[in-house]
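Notes follow the structure.
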Number of protein chains: 2
Amino acid sequence: MVRIAVDAMGGDHAPDAIIAGALLAARRLQIGLLLVGARDTIERELGRHPGASSVDLEILDAPDRIEMAEPAASAFRRKPLASIRVAAEAVRDGKAAALFSAGHTGAAVMAAHAVFRRLPGVDRPALATIIPTRRRPAVLLDSGATVECRPQHLVQFAVMGSAYARVALGCEMPRVGLLSVGEEESKGNELTRDAHQLLKSAPVHFVGNVEGRDVYSGEADVIVCDGFTGNVTLKISEGLVETVERLLLDELSSTVGTRVGYLLSRRAFGRFHKRVDYSEYGGAPLIGLDGLCVIGHGRSSPKAVRNAIGMVARYVREGLVTRLAEQVAQADEVRHHS
Amino acid sequence: MVRIAVDAMGGDHAPDAIIAGALLAARRLQIGLLLVGARDTIERELGRHPGASSVDLEILDAPDRIEMAEPAASAFRRKPLASIRVAAEAVRDGKAAALFSAGHTGAAVMAAHAVFRRLPGVDRPALATIIPTRRRPAVLLDSGATVECRPQHLVQFAVMGSAYARVALGCEMPRVGLLSVGEEESKGNELTRDAHQLLKSAPVHFVGNVEGRDVYSGEADVIVCDGFTGNVTLKISEGLVETVERLLLDELSSTVGTRVGYLLSRRAFGRFHKRVDYSEYGGAPLIGLDGLCVIGHGRSSPKAVRNAIGMVARYVREGLVTRLAEQVAQADEVRHHS
């Protein structure tokens, strides 16, 4: 049975939502758990779940936790027994196959980066987030692991993102777009203009710059950008969808006719929500490292945690890290021979 | 009567949508026009509008135009008779009070920057876009004029954005937020971390970092970022609203019950659209220069052009440039005395 290390202390609703979601995943999807965090807190929380005893579950004591407001680098140095760090070490040492955390994203990136090795040919890891588009899901990376990027990092993201799209979305020939402020290669900032030139000869199916407007229209299967831009993109989107729903509900409930319309439209809203809700995907893998870490949304609900842990187990079974390593190595070879 | 110079050749639907919108504005809002572009093309287009003769209208011949796909800098150098450049020079020379263009944004920024002087205390101009939020409209800048920024540019944007929010939104004490990837001051990239420190002692009401998620929730009245991030933010938003509408309509029309719901909800959709539709605002002023240029969306419809020209005339009457200059100078004085 695949065993997944879970950072029980990471997330706005930790440990309760994390443990509840982990137990759901373990029971429904036949997954073993390594719950990492303060042992007494975890045991107390497990006591509230009568079914927990039927699950293949171990606890790994890690008395410290990194709070959302702490600067990642100094917290990581000061807290060698932080749950996220202990969990990453457990994966490195073979006690679990991979890791899930819904905690401090910067701390999780730092822990994975410090504990796992980088894949050959990769200088910086990237968070690869699956986003819905009008056609089919696409991958956006980096969505927050590497906020300062050089052009060659974006090229590596393009190669890794293509490999990830093959594994995660079954997309055999992913079209790679570079997120910029205009379609023409002369548009953009220094980073994107230089990256554009490198991508033209990179071993990926590069379709050119994509503007923000085209991210959700499905013009590309892999959208590449620096981690600052990617993170802003995702959070803007999340906030905007919430705002649009709120405004629409205001309008729909403001008259009798539309109130009826609203009632009738509820199912439609529900299905719509399912298509854009982050918790359906659950998390984003940090790729480019010799170890798998999936990072969930800070606000993860039990359902989001369950889905994310299911994603981790699936990627373990499908050998995501090995396949990424192979494809990055192949791309590297192409580059050195051309 | 206020006379506005209009780049008749700029925009995806130029010159027809531009001229139709300009005539609407002129007739309804008592505005004089200086239509700048190829004289024969403009005259032919005017021939299709029988009411045009009742409008206070002059034509300024400018045989060249800058195409959307041209790199702004070289096109600007090679085409001294491009409509956008001739229009800016007309404003400089007092033939019109201000300028509107829905053409190549980079070319418009370059023309205005080259022809007008910068206000004392301003190193880079910014495009200031009004965005809807859950509470009340806010200003986002820079939305695309200056794609590479240094920290002090963001501070100047904060001062200018505050002044603009007072004039445009009647917001007396605008809360300024710095767009970044986390609320804590330690989060972000080098640019935002350095800008955060400078903003803490700047003469604005700085409320700290705002994450993408909070842009549309109304946490700040003025949102400051570099032009690359701002442009991506706006275009992502535009594309996402279109996609959300499309997906919702798919869902709403997929069953009989919801089809009825959809019909009943149409009015609500209409009103919702009015709240998020860019054409209601029409354009974004380029601020920081000693001359007013409002830049419209490339896809501007006649209605959007009419609203944008109305906005230009209002800002001329209210002395936007003078008020911006005064407030930037005041802030500069505070800074030098503290």
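The values are calculated or read from the model by the stated rules, or taken from the named source; none is laboratory data. Quick caveat, the model's predicted, so the values are computed rather than measured. Because the Cβ atoms are built from the backbone with ideal geometry, glycine has one as well, and the counts that use them run over all protein chains shown. What goes into the accessible areas is simple: the full protein's heavy atoms, side chains included, and nothing from ligands, DNA or RNA. Shrake-Rupley method; radii C 1.70, N 1.55, O 1.52, S 1.80 Å.
The protection proxy used here, the mean number of other Cβ atoms lying within 10 Å of each residue, ranks peptides A:311-318, A:227-234 as follows, highest first: A:227-234, A:311-318. Here the Karplus relation 6.51 cos²θ - 1.76 cosθ + 1.60, evaluated at θ = phi - 60°, turns the backbone of the range B:111-127 into coupling constants of 5, 5, 5, 6, 8, 8, 8, 7, 5, x, x, 10, 8, 9, x, 9, 8 Hz, with x for every Gly and Pro. 3J(HN,Hα) along the range A:178-185: 9, 5, 8, 9, x, 6, 6, 5 Hz, from the Karplus curve 6.51 cos²θ - 1.76 cosθ + 1.60 with θ = phi - 60°, whole Hz, x for Gly and Pro. Within the listed set B:250, B:64, B:123, the Gaussian network model of chain B (springs between alpha-carbon atoms below 10 Å) gives the highest mean-square fluctuation for B:250. With its label point put 7 Å out from Cα toward Cβ, residue A:198 sits 2.7 nm from the same residue's point in the other copies, in order from shortest. Using a 1.4 angstrom probe on protein heavy atoms only, the contact between A and B buries about 5600 square angstrom of accessible area, both sides summed. How about the range A:79-146: which trypsin sites (Lys or Arg not before Pro) there lie in a loop by DSSP and see at most 14 other Cβ atoms within 10 Å? Hits after loop and neighbour filter: A:117, A:134, A:135. Taking every residue in B:223-231 and counting other chain Cβ atoms within 10 Å of its Cβ, the average works out to 4.
Which value, in debye to the nearest 20, describes the size of the charge dipole of the range A:17-129 about its Cα centre when Lys and Arg Cβ atoms bear +1, Asp and Glu Cβ atoms bear -1, and nothing else is charged? Rounded to the nearest 20 debye, it is 240 debye. The modelled label-to-label distance for the pair residue B:29/residue A:250, using points 7 Å beyond Cα in the direction of Cβ, is 2.4 nm.
Greater than 27 Å separation of Cα atoms is the criterion. Which listed pairs, B:187/B:235; A:187/A:235; A:303/B:235; A:79/B:200, meet it? Mind showing how you got there, number by number?
Working: B:187/B:235 24 Å; A:187/A:235 24 Å; A:303/B:235 31 Å; A:79/B:200 30 Å.
Too far apart for the 27 Å limit: A:303/B:235; A:79/B:200.
Ignoring ligands, DNA and RNA, how do B:226, B:61 rank by accessible area with a 1.4 Å probe, largest first?
Numbers: B:226 20, B:61 75 Å².
Ranked from most to least accessible, the order is B:61, B:226.
If you take the charge dipole of chain A about its Cα centre, with +1 on Lys and Arg Cβ and -1 on Asp and Glu Cβ, which of A:182, A:86, A:72 is farthest toward its positive end? Projecting each Cα onto the dipole axis, the largest value belongs to A:86. Can you work out the FRET efficiency for the pair residue A:56 and residue B:197, with r the C-beta to C-beta distance and R0 = 60 Å, to the nearest 0.05? Between residue A:56 and residue B:197 the formula returns 0.75.
Let me have the 222 nm mean residue ellipticity of the protein assembly as shown computed from DSSP H runs of 4+ only, each contributing -39500 (n - 2.57), with the sum over all residues rounded to the nearest 500. All intermediate terms of the calculation are to be shown ahead of the outcome.
Details: 26 runs with 339 residues, N = 676.
Per the formula, -16000 deg cm²/dmol.
FRET efficiency for the pair residue A:74 and residue B:43, taken as 1/(1 + (r/R0)^6) with r the Cβ-Cβ distance and R0 = 51 Å, rounds to 0.15.
Counting only other chain Cβ atoms within 10 Å of each residue's Cβ, the peptide B:101-113 averages 1. Candidates A:14, A:50, A:29 compared by Cα position along the dipole of the range A:14-54: farthest toward the positive end lies A:29, with charges placed on Cβ.
Remark: the range A:86-97, residue by residue, has Karplus-estimated 3J(HN,Hα) of 4, 5, 5, 5, 4, 5, 4, 8, x, 7, 8, 8 Hz, where x stands for each Gly or Pro and the curve is 6.51 cos²θ - 1.76 cosθ + 1.60 at θ = phi - 60°. A simple count of charges around residue B:28, restricted to other residues whose Cβ falls under 15 Å of its Cβ and scoring Lys, Arg +1 and Asp, Glu -1, yields +3.
Comparing B:144, B:161, B:239 in a Gaussian network model of chain B, where Cα atoms under 10 Å apart are tied by springs, the biggest mean-square fluctuation is seen for B:239.
Near the amide H of residue A:6, within less than 5 Å, lie the amide hydrogens of A:34, A:35, A:36, A:100, all on another chain or at least 5 residues away, with H placed in the peptide plane.
The mean count of C-beta atoms from other chains within 10 Å of the C-beta of residues in A:134-143, rounded to a whole number, is 1.
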